[in-house]
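What follows is a set of notes on a single structure, which appears directly below.
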Amino acid sequence: MRFPVITLLLLAPITALAAVAAEPAPVAIAEVSPREAVPEIPAELTARACVANGCQCSTKYPLEQGQYCGNCVWSNGAGYIITAKRVNNHVYECNPRGGCCDYGPASDCGSGTARCG
């Protein structure tokens, strides 16, 4: 009866050591495709510089950073969003502090579908 108990006590550490020493199964790594070339931007979407020309954005009400056309007005009729050097068909970048720069003419500005924030 003691023989099986002693055998178990002697073999237990060897079995545990064999389980720890076993190498883990290899993990498959997916192939990563090379980065595709970025397509060229069409000419009508070419980036333009925003020129600080002295324009001003309204600070009458809180205004989010964004693009506003020269023909945009406050929804309550309190005046234009662009308060100085405003051209109806130009798009402007406004910041919450009234800072402004002019991107120049935009096809949607001066129309009923103008960018107003």
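The values are calculated or read from the model by the stated rules, or taken from the named source; none is laboratory data. What you see is a predicted model, and the numbers here were worked out from it, not measured in a lab. Note: ideal-geometry Cβ built from the backbone for every residue, glycine included; neighbour counts use all protein chains shown. In case anyone asks, the SASA skips ligands and DNA or RNA and just uses the protein heavy atoms, side chains included. Shrake-Rupley method; radii C 1.70, N 1.55, O 1.52, S 1.80 Å.
Here are the numbers for the structure shown:
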| item | result |
| --- | --- |
| Neighbours by Cβ (under 8 Å, 6+ apart or cross-chain): first from region 53-67, farther than 13 Å from TYR80 by Cβ; second open to solvent by less than 90 Å² (accessible area, probe 1.4 Å) and hydrophobic (A, V, I, L, M, F, W, C) | ASN53/CYS101; GLY54/ALA84; GLN65/CYS94; GLY66/CYS94; GLN67/VAL91; GLN67/CYS94 |
| Within region 46-104, considering residues that are over 17 Å from CYS116 (Cβ atoms) and charged (D, E, K, R), the one nearest to the chain's Cα centre (by Cα) | ARG48 |
| Within region 66-93, tally of residues that are farther than 16 Å from ASN53 by Cα, of a type in the set (A, V, I, L, M) and assigned to a strand (DSSP E or B) | 1 |
| Hits in region 94-117 (condition: closer than 15 Å to ASN53 by Cβ and open to solvent by 40 Å² or more (accessible area, probe 1.4 Å)) | TYR103, PRO105 |
